[in-house]
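S.K.: Before anything else, here's the structure in question.
The values are calculated or read from the model by the stated rules, or taken from the named source; none is laboratory data. What you see is a predicted model, and the numbers here were worked out from it, not measured in a lab. Here the Cβ positions follow ideal geometry from the backbone for every residue, glycine too, while neighbour counts run over all protein chains shown. When the accessible area is computed, the model is the full protein with side chains, heavy atoms only, and any ligands, DNA or RNA have been set aside. Shrake-Rupley method; radii C 1.70, N 1.55, O 1.52, S 1.80 Å.
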Amino acid sequence: MKRTVNPEVRKERLNAVKDTLKSMIFPTVVLIIIGIAVYFIVKYGAAVEDEPHVIPEAFEGDIEPITLENDQLLLTFYPETTQFDVTVKSSGKVWHSTAEGAESDVGALASEKGKLQSNILLNFTTQQGLDTLFDSFSFSVEKGIYSVEHDQDSITIHYSLGDIEREFIIPPIMLPDRYAQLTEGLSMTDKLYIDGNYKKIDLKKLKKDQNKDELLEQYPMLADGPIYVLSAASASGKSSVEAVLERLGYTREMYEEDKALVEQENVSDKPIFTADLILKLDGRDLVATVPMQSISDTNTYKVTTLTILPYFGAAGKNKEGFMLVPEGGGSLINYNNGRNSVNNYFSNIYGRDICLKKNDLVHDTRAYYNLFGMSEGDDSFICMLEQGASYAGIQADISGRVHSYNFVNALTTIRARERYDVGSISSSDIYGFNDVIPEEDLVQRYRFIDSGSYVDMAKVYGTYLKDLYGSAMTLHTDSEAPVVVDIVGAADKVKQICGIPVSRPLPLTTFEQAGDIVKSLKADGLNNLSIRLSGWCNGGVNQSVLNSIKPLLELGGKKGLKQFSKDVADMGVDLYLNGITEYAYDSNIFDGFFSYTDAAKIISKQRAELHIFSAVTYSVREATDSFYLLHPDLAFKMIDNLNAYAEKISANVSYEDVGKDLASDFYRKKPYSRETVKNVQAQKTKEISESGRKQMISMGCDYLAPYVDMMVEQDLSGSQYTILDTDIPFFQLAVHGYVDYTGEPLNICGNIEDELLYSAEYGAGLMFTVMNENAFTLQDTLYTKYYGCEYSNWRDRIKTIYNRFNSELGHTFNQEMTGHSKITEEVSCTEYADGTKVYVNYGFGDYTTEDGILISARDYKAVR
């Protein structure tokens with residue numbers, strides 16, 4: 001009997017099936033998507049790169065010294081250690097490449113002795129940030145994994161650095177035919193030597209202590225007949241066998257053949273790196289070069305830093321002299337000054353890389369020229385970092401901390417890295433690294449001087465700069481002291497518009513008011529006057545990107561700015577339009593800025609988003625917006641746009657950030673190294689200078705100094721690190737009269753007396769920052785630094801300060817600085833070409849010189 005199903009039941013079943021099928025649609029789609037993704041990853045995903053295999057170098061050369069010589073220097077190189085000496089013929093002074101007598105230094109930690117005898121220090125790390133340092137003596141020379149090439153002009157050392165033994169080109173096993181081939185025709189002495197280092201094993205003639213099964217397991221080819229096995233165990237024994245076999249014509253190809261007979265080859269997973277050091281003489285200079293492409297590392301172990309000739313000229317405890325470091329205008333660290341309880345010296349050349357992530361407020365070190373030096377008795381040297389300086393920092397330390405030597409060198413970053421906090425998935429930090437090592441050279445030029453005076457060292461550096469830059473370094477004709485007045489046009493302030501908080505320009509000085517200020521300054525006797533106009537466009541001081549330049553209507557608009565430029569020119573005053581070219585503040589798509597494409601990228605490939613940090617909490621400052629570092633191509637375009645606008649109104653240009661901040665860009669599609677950005681900046685400023693337009697930069701640096709007309713806000717004295725003994729105007733001794741520069745604005749620097757005294761000692765011009773409005777206008781804003789800028793309060797004091805300064809020092813700004821000395825810790829004397837002496841007394845009591853000249857407390861005096 002046919003069973004019938006109730007239609008209602010059938011309908012319920014059908015609906016249940018439909019519901020089940022519907023519920024399976026989403027997971028099925030997800031599974032399909034996952035399957036497709038897996039397929040594409042497997043088929044098209046990037047394969048994991050194999051670890052690069054580095055074949056270590058092997059020292060096979062003669063141990064006889066190699067020499068390079070010209071009419072001024074003699075370099076004697078010792079291949080057995082790769083150390084060398086440089087003899088200065090004019091004085092007889094011998095400079096050693098490493099710390100002399102380091103192997104017997106009782107004050108050195110065991111781990112330091114190898115470093116003291118090394119030409120290269122290489123630091124590498126893992127992804128977890130475990131740092132390890134290999135020195136070229138312990139991890140290359142002593143292991144024999146290096147080679148030397150030379151011709152009449154240069155010596156090249158190919159270093160392999162690793163905790164491995166050298167691979168000798170000698171067969172570990174030889175079959176009878178090979179053994180007979182190599183030993184045929186040998187002298188009795190050589191035949192006995194080879195026989196003594198190879199042991200014949202024959203299963204038919206085993207000794208009592210030899211186990212047949214074990215031998216067959218180790219050497220399966222014994223089943224076919226006897227073999228010869230290498231018995232030499234020591235490195236010297238293997239080296240001697242290698243030398244004999246090389247004379248017999250034994251090649252690497254033959255070695256690979258014989259090595260294949262051994263089934264189990266010991267392969268080390270220990271890291272090994274390479275780096276080449278090239279030495280040349282050039283007149284009175286030693287030039288040391290490391291091509292960065294000669295530096296190799298692995299996927300697991302990344303090279304982070306390299307130090308070239310770390311202990312060149314290192315001075316022991318029995319020496320007297322000083323180390324020169326580029327802190328501020330320059331600073332000296334006396335040998336053996338006993339300050340071992342404080343940190344050693346370190347400063348980044350051109351400051352930190354802005355494109356590296358910064359999470360907290362820390363002190364950013366900065367040197368604005370690429371030089372260090374040492375002085376000992378009547379001899380000295382200076383070292384210029386000709387290429388690769390932007391990756392380097394200068395470090396120096398005294399004897400007594402970890403060894404008995406005073407030293408100074410340059411620590412160079414090879415691969416930049418960033419730390420990532422992954423606390424949610426790991427107990428340790430993870431580090432990311434720059435993808436590639438730049439294809440550039442690291443070049444250090446050591447110039448030897450027959451004098452121990454820092455003044456003579458500075459004058460030699462000045463000569464070097466003049467030779468390097470030629471006509472760009474010409475003596476000025478100024479007959480009065482330069483003075484720069486920075487006029488602040490507009491800041492910004494949050495206002496309520498229809499109940500919505502909106503940032504709007506806050507006028508501080510209109511263009512018309514700025515013209516009145518310039519007229520009054522000229523009337524007060526400020527003749528060698530330059531005006532920097534800040535906050536004049538695109539929102540004010542917190543300026544948006546310069547894709548389209550719009551003078552602020554609140555200040556007078558285009559017409560008002562053009563009239564101001566004309567009025568200033570008619571008064572014989574140089575006007576510099578100040579602009580931000582490297583950053584995007586308060587910018588969006590309507591300003592022509594899209595952060596995802598226009599911002600530089602940090603190592604993680606995220607946008608280079610930057611923050612202002614609080615000096616109180618050391619974290620991001622509240623109520624401040626983040627801003628972005630621009631991709632270099634866009635930053636260069638901003639420079640062009642600023643110059644194009646300045647040309648329209650017959651003005652000059654000032655860069656707020658170029659010359660002060662230097663950044664790389666890790667954008668995968670078009671990366672820029674710091675060195676490349678530096679070189680492009682130098683080329684652009686050179687071209688603009690040659691076009692006739694004047695340029696001003698903040699802080700300043702050596703590579704732009706020849707091409708700009710004014711460097712302002714220089715850190716003349718630098719940071720007063722405890723390890724430093726004396727601050728000196730080294731850079732200023734080299735460039736005074738060829739480059740105009742100022743210290744910080746006197747009225748907002750924090751200590752007007754000190755800054756004025758520094759300006760007198762360092763031969764700097766003066767700078768002030770002013771605005772027309774009073775400080776109350778800036779209430780409820782973040783611009784507290786301008787509280788002391790009201791012009792009406794400062795006019796009389798500016799006039800008094802400048803006119804006295806100009807009357808005493810104005811005639812020196814077209815002269816070279818020829819001398820400098822510290823009479824006491826608080827009194828200095830700066831000398832000029834015409835014999836003028838400028839005494840500066842930082843003390844709180846009057847001082848009388850031996851010549852009877854009275855210098856009042858906290859004052860300066862020029863004597864002609």
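S.K.: Starting from residues that are closer than 21 Å to VAL148 by Cβ and small (Gly, Ala, Ser), keep the ones in segment 240-278 and report whichever is modelled with the highest pLDDT.
M.R.: ALA275
S.K.: Please go through segment 479-508 and pick out each residue that is closer than 22 Å to THR769 by Cβ, in a loop (DSSP other than H, G, I, E, B), out of contact with any helix residue (DSSP H, G or I) (no Cβ under 6 Å at 6 or more places or on another chain) and not aliphatic (A, V, I, L, M).
M.R.: PRO482
S.K.: State whether the residues of segment 431-442 include one that is within 16 Å of SER380 (Cβ to Cβ), hydroxyl-bearing (Ser, Thr, Tyr) and either part of a strand (DSSP E or B) or open to solvent by 30 Å² or more (accessible area, probe 1.4 Å) (or both).
M.R.: No, segment 431-442 has no match at all.
S.K.: Quick test of your reading of the structure: VAL653 fulfils all but one of (1) in a loop (DSSP other than H, G, I, E, B); (2) closer than 25 Å to ILE549 by Cα. Name the failing condition by number.
M.R.: That leaves (1) as the condition not met.
S.K.: While we're here: Run down SER619, SER595 and say which single residue is touching a residue at least 60 places away in the same chain (Cβ under 8 Å) and farther than 19 Å from VAL541 by Cα.
M.R.: None of the other options fit; the residue is SER619.
S.K.: List the pairs whose first member sits in segment 66-93 and is in contact (Cβ under 8 Å) with a residue 60 or more places away in the chain and farther than 19 Å from TYR159 by Cα, whose second member is outside any strand (DSSP E or B) and open to solvent by 60 Å² or more (accessible area, probe 1.4 Å), and whose Cβ atoms are under 6 Å apart, counting only residues at least 6 apart or on separate chains?
M.R.: Every condition considered, the pairs that remain are GLN72/LYS89; SER90/ASP450; SER91/ASP450.
S.K.: Checking the conditions here, which among TYR596, TYR576 is outside any loop (DSSP other than H, G, I, E, B), hydroxyl-bearing (Ser, Thr, Tyr), within 40 Å of the chain's Cα centre (by Cα) and closer than 25 Å to ALA764 by Cβ? Spell out the reasoning first.
M.R.: Values: TYR596 fails: closer than 25 Å to ALA764 by Cβ.
Result: TYR576 is the single residue among TYR596, TYR576 that is outside any loop (DSSP other than H, G, I, E, B), hydroxyl-bearing (Ser, Thr, Tyr), within 40 Å of the chain's Cα centre (by Cα) and closer than 25 Å to ALA764 by Cβ.
S.K.: State all residues of segment 137-174 that are part of a loop (DSSP other than H, G, I, E, B) and modelled with pLDDT of 90 or more; if no residue qualifies, say none. Spell out how you get there, then give the answer.
M.R.: Step one: filter segment 137-174 for residues part of a loop (DSSP other than H, G, I, E, B), giving 142-145, 151-153, 163-172.
Across segment 137-174, the qualifying residues are GLU142, LYS143, GLY144, ILE145, ASP151, GLN152, ASP153.
S.K.: For segment 94-135, enumerate the residues that are in a loop (DSSP other than H, G, I, E, B), small (Gly, Ala, Ser) and more than 21 Å from the chain's Cα centre (by Cα).
M.R.: Start the filter on segment 94-135 by keeping residues that are in a loop (DSSP other than H, G, I, E, B), which leaves 97-101, 105-109, 117-119, 126-130.
Filter once more, keeping what is small (Gly, Ala, Ser): 97, 99, 101, 107-108, 118, 129.
Correct list: SER97, ALA99, GLY101, GLY107, ALA108, SER118.
S.K.: Name the residue that is nearest to LEU529 (Cα to Cα), counting only residues in segment 803-858 that are charged (D, E, K, R) and touching a residue at least 24 places away in the same chain (Cβ under 8 Å). If you could, list the steps in order and put the result at the bottom.
M.R.: Restricting attention to segment 803-858, the residues satisfying the condition of being charged (D, E, K, R) are 804, 808, 816, 822, 825-826, 831, 834, 837, 846, 850-851, 858.
Then keep just the ones that are touching a residue at least 24 places away in the same chain (Cβ under 8 Å); that gives 808, 816, 822, 834, 837, 858.
On the way: GLU808: 17, GLU816: 21, LYS822: 31, ASP834: 24, LYS837: 25, ARG858: 26 Å.
Applying the filter and picking the extreme gives GLU808.
S.K.: Can you find even one residue in segment 565-574 that is open to solvent by 10 Å² or more (accessible area, probe 1.4 Å), within 25 Å of GLN695 (Cα to Cα), in contact with a Leu (Cβ under 9 Å, 6 or more places away or on another chain) and not aliphatic (A, V, I, L, M)?
M.R.: yes
S.K.: Take the conditions open to solvent by 40 Å² or more (accessible area, probe 1.4 Å) and under 34 Å from the mean Cα position of the chain (by Cα) and apply them to ASP163. Does it pass? Give the derivation first.
M.R.: On the way: open to solvent by 40 Å² or more (accessible area, probe 1.4 Å): yes; under 34 Å from the mean Cα position of the chain (by Cα): yes.
Yes: the conditions hold for ASP163.
S.K.: Now, a different point. Could you count how many residues in segment 830-857 are within 37 Å of the chain's Cα centre (by Cα) and open to solvent by 40 Å² or more (accessible area, probe 1.4 Å)?
M.R.: First pass over segment 830-857, keeping only residues within 37 Å of the chain's Cα centre (by Cα): 830-833, 837-843.
From what is left, the residues that are open to solvent by 40 Å² or more (accessible area, probe 1.4 Å) are 831, 833, 837.
Within segment 830-857, residues that are within 37 Å of the chain's Cα centre (by Cα) and open to solvent by 40 Å² or more (accessible area, probe 1.4 Å) number 3.
S.K.: Regarding ARG366, is this residue touching a strand residue (DSSP E or B) at 6+ places or on another chain (Cβ under 7 Å), under 28 Å from LYS280 (Cβ atoms) and not aliphatic (A, V, I, L, M)?
M.R.: Details: touching a strand residue (DSSP E or B) at 6+ places or on another chain (Cβ under 7 Å): yes; under 28 Å from LYS280 (Cβ atoms): no; not aliphatic (A, V, I, L, M): yes.
Spelling it out, it is not the case that ARG366 is touching a strand residue (DSSP E or B) at 6+ places or on another chain (Cβ under 7 Å), under 28 Å from LYS280 (Cβ atoms) and not aliphatic (A, V, I, L, M).
S.K.: May I pose another question? Within segment 706-715, is even one residue open to solvent by less than 40 Å² (accessible area, probe 1.4 Å), out of contact with any strand residue (DSSP E or B) (no Cβ under 8 Å at 6 or more places or on another chain) and touching a residue at least 12 places away in the same chain (Cβ under 8 Å)? Outline the logic, then answer.
M.R.: Let us first name the residues in segment 706-715 that are open to solvent by less than 40 Å² (accessible area, probe 1.4 Å), namely 706-708, 710-712, 714.
Filter again for out of contact with any strand residue (DSSP E or B) (no Cβ under 8 Å at 6 or more places or on another chain), leaving none.
Checked against the condition, which is being open to solvent by less than 40 Å² (accessible area, probe 1.4 Å), out of contact with any strand residue (DSSP E or B) (no Cβ under 8 Å at 6 or more places or on another chain) and touching a residue at least 12 places away in the same chain (Cβ under 8 Å), segment 706-715 yields no hits at all.
S.K.: Looking only at segment 126-147, how many residues end up being farther than 16 Å from ILE164 by Cα and buried (at least 24 other Cβ atoms within 10 Å of the Cβ)? Break it down stepwise before answering.
M.R.: Going through segment 126-147, the residues farther than 16 Å from ILE164 by Cα turn out to be 126-131.
Next, from what is left, pick out any that are buried (at least 24 other Cβ atoms within 10 Å of the Cβ): none.
The total comes to 0.
S.K.: Test LEU245 against the criterion of being part of a loop (DSSP other than H, G, I, E, B) and over 28 Å from TYR405 (Cα atoms), and give yes or no. Spell out the reasoning first.
M.R.: Values: part of a loop (DSSP other than H, G, I, E, B): no; over 28 Å from TYR405 (Cα atoms): yes.
No.
S.K.: Of all residues being under 35 Å from the mean Cα position of the chain (by Cα) and not polar (S, T, N, Q) in segment 469-480, which is most open to solvent (accessible area, probe 1.4 Å)? Just the residue, please.
M.R.: Step by step, filter segment 469-480, then rank; the result is LEU475.
S.K.: Here is a list of conditions, (1) surrounded by fewer than 17 Cβ atoms within 10 Å (Cβ to Cβ); (2) farther than 18 Å from THR82 by Cβ, and ILE173 meets all of them except one; can you say which number that is?
M.R.: Of (1) surrounded by fewer than 17 Cβ atoms within 10 Å (Cβ to Cβ); (2) farther than 18 Å from THR82 by Cβ, only one is false for ILE173: (1).
S.K.: Same structure, new question: Residue under question is GLY373, and the condition is that it be touching a Phe, Trp or Tyr at 6+ places or on another chain (Cβ under 8 Å) and within 16 Å of PHE731 (Cβ to Cβ); does it hold?
M.R.: Values: touching a Phe, Trp or Tyr at 6+ places or on another chain (Cβ under 8 Å): yes; within 16 Å of PHE731 (Cβ to Cβ): yes.
So GLY373 passes the test.
S.K.: Also, I was wondering about something else. In segment 315-335, how many residues are part of a loop (DSSP other than H, G, I, E, B) and open to solvent by 20 Å² or more (accessible area, probe 1.4 Å)? Explain how you work it out, then say what you get.
M.R.: Taking segment 315-335 and keeping what is part of a loop (DSSP other than H, G, I, E, B), we get 317-320, 326-330, 335.
If we keep only those that are open to solvent by 20 Å² or more (accessible area, probe 1.4 Å) as well, we get 317-320.
Of the residues in segment 315-335, 4 are part of a loop (DSSP other than H, G, I, E, B) and open to solvent by 20 Å² or more (accessible area, probe 1.4 Å).
S.K.: Residues that are over 37 Å from the mean Cα position of the chain (by Cα) and buried (at least 18 other Cβ atoms within 10 Å of the Cβ): which helices (runs of 4 or more DSSP H) entirely in segment 730-829 hold 2 or more of them?
M.R.: Fully inside segment 730-829 and qualifying: 791-809.
S.K.: Would you mind stating whether LYS522 is open to solvent by 10 Å² or more (accessible area, probe 1.4 Å) and without any contact (Cβ under 8 Å) to a residue 24 or more places away in the chain? Don't jump to the end; show me each part of the working.
M.R.: Values: open to solvent by 10 Å² or more (accessible area, probe 1.4 Å): yes; without any contact (Cβ under 8 Å) to a residue 24 or more places away in the chain: no.
In short, no.
S.K.: Here are some residues: VAL455, VAL483. Which one is in contact (Cβ under 8 Å) with a residue 40 or more places away in the chain, open to solvent by less than 10 Å² (accessible area, probe 1.4 Å) and touching a Leu at 6+ places or on another chain (Cβ under 9 Å)? Please lay out each step first, then the result.
M.R.: On the way: VAL455 fails: open to solvent by less than 10 Å² (accessible area, probe 1.4 Å).
Matching residue, one of VAL455, VAL483: VAL483.
S.K.: Just to verify a result, which residue in segment 148-160, among those that are open to solvent by less than 30 Å² (accessible area, probe 1.4 Å) and among the aliphatic types (A, V, I, L, M), is farthest from LEU73 (Cα to Cα)?
M.R.: Restricting to residues being open to solvent by less than 30 Å² (accessible area, probe 1.4 Å) and among the aliphatic types (A, V, I, L, M), the top hit is ILE157.
S.K.: Still on this structure: Give segment 486-502 a look and list any residue that's surrounded by fewer than 23 Cβ atoms within 10 Å (Cβ to Cβ) and under 20 Å from GLN513 (Cα atoms), or say none.
M.R.: Pass one, segment 486-502, residues surrounded by fewer than 23 Cβ atoms within 10 Å (Cβ to Cβ): 492-502.
Within segment 486-502, just ASP492 meets the criteria.
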